[in-house]
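Have a look at the structure below, then the notes.
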Amino acid sequence: MNRLDFEGRAAVVTGGAAGIGLAVAKRLVLSGARVALWDLDAKALAAAAAGLGHGAFTQTLDVTDAHAVERAATATSREMGRVDVLVCSAGIAGPNRTTWEFPVDDWKRVFDINVHGLFYCNRAVVPEMMKHDYGRIVNIASVAGKEGNPNASAYSASKAAVIGLTKSLGKELAKTGIRVNCVTPAAVRTAIFDQITQQHIDFMLSKIPMGRFGTVDEIAAMVCWLASEDCSFSTGAVFDLSGGR
């Protein structure tokens, strides 16, 4: 692993108890950062924090609760002294159904977590970053948000919204020291695969020219560079991690 310079930096990772979020947190810690993990799963959070072995700060948090997110941002800033990095990784896939058969409650749930929750986290952390005129926000979108996967309309539409939000916020903050970017991975084998059908998994794999899924460590490598001070002239940008898709 190439070590980036995060000495003295404080980072927040949502969905940080597992999957891409935990892989990002591990790489940040190994590069010198202090990390706050925000996740709904208290048991997984405790295990993740113990595994990091760096005194990680944890917040059991439902990102769909805007007021709870604001409180978490305040508490995290108080605990770590500042917030330099936000990586928004919390998300769900939703069921695999045609658009006209998609359950309304599931549609709302996907948007509540993938879009509204991400918006609440971006919104809450930006003022903390403005105090020091420095910050890096990396939102986890998906190649599905650019192409639209069949039988995954809610997921695809929600990730398209993440791309649009990232572009807007990046432009709004372009003249500050805060950079906002997103990544659009192709499928990565994480626990989110438990939410989708084998047929859809096979479809996603068939679209990747490399013939394999990405790994969480490969995603973390790109995310952590975007979260570093070296990423100084990219903002409101979208970075593919798609195996050539």
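Only one of the listed residues (Val83, Val35, Val87, Val69) is modelled with pLDDT of 95 or more and either in a loop (DSSP other than H, G, I, E, B) or surrounded by fewer than 22 Cβ atoms within 10 Å (Cβ to Cβ) (or both). That residue is Val83.
To keep it simple, each residue is scored yes or no on (1) under 19 Å from Ala93 (Cβ atoms); (2) in contact (Cβ under 8 Å) with a residue 60 or more places away in the chain; (3) within 18 Å of the chain's Cα centre (by Cα).
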{"position": "Glu7", "(1), (2), (3)": "no, no, no"}
{"position": "Ala17", "(1), (2), (3)": "yes, no, yes"}
{"position": "Leu22", "(1), (2), (3)": "yes, yes, yes"}
{"position": "Lys26", "(1), (2), (3)": "no, yes, yes"}
{"position": "Ala48", "(1), (2), (3)": "no, no, yes"}
{"position": "Leu52", "(1), (2), (3)": "no, no, no"}
{"position": "Gln59", "(1), (2), (3)": "no, no, yes"}
{"position": "Val63", "(1), (2), (3)": "yes, no, yes"}
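Checking the structure you have, find out if any residue of segment 150-172 is closer than 23 Å to Arg245 by Cβ, open to solvent by less than 30 Å² (accessible area, probe 1.4 Å) and among the charged types (D, E, K, R). For segment 150-172, residues closer than 23 Å to Arg245 by Cβ, open to solvent by less than 30 Å² (accessible area, probe 1.4 Å) and among the charged types (D, E, K, R): present. A residue that is more than 22 Å from Val183 (Cα to Cα), touching a residue at least 40 places away in the same chain (Cβ under 8 Å) and open to solvent by 30 Å² or more (accessible area, probe 1.4 Å) cannot be found anywhere in segment 115-122. Only residues that are out of contact with any Asp or Glu (no Cβ under 8 Å at 6 or more places or on another chain), open to solvent by 10 Å² or more (accessible area, probe 1.4 Å) and not β-branched (Val, Ile, Thr) were counted in segment 2-32, giving 8. If you check Arg245, Arg189, Arg179, Arg212 for being charged (D, E, K, R) and under 24 Å from Thr76 (Cβ atoms), only one passes: Arg179. Of Lys131, Lys171, all but one fail to be of a type in the set (D, E, K, R) and free of Cβ contacts under 8 Å to residues at least 60 places away in the same chain; the exception is Lys131.
The values are calculated or read from the model by the stated rules, or taken from the named source; none is laboratory data. All values reported here derive from a predicted model rather than from experimental measurement. Counting neighbours? That spans all protein chains shown, and the Cβs are built from the backbone with ideal geometry, glycine included. Each accessible area value is taken on the protein alone, full model and side chains, heavy atoms only, with ligands, DNA and RNA left out. Shrake-Rupley method; radii C 1.70, N 1.55, O 1.52, S 1.80 Å.
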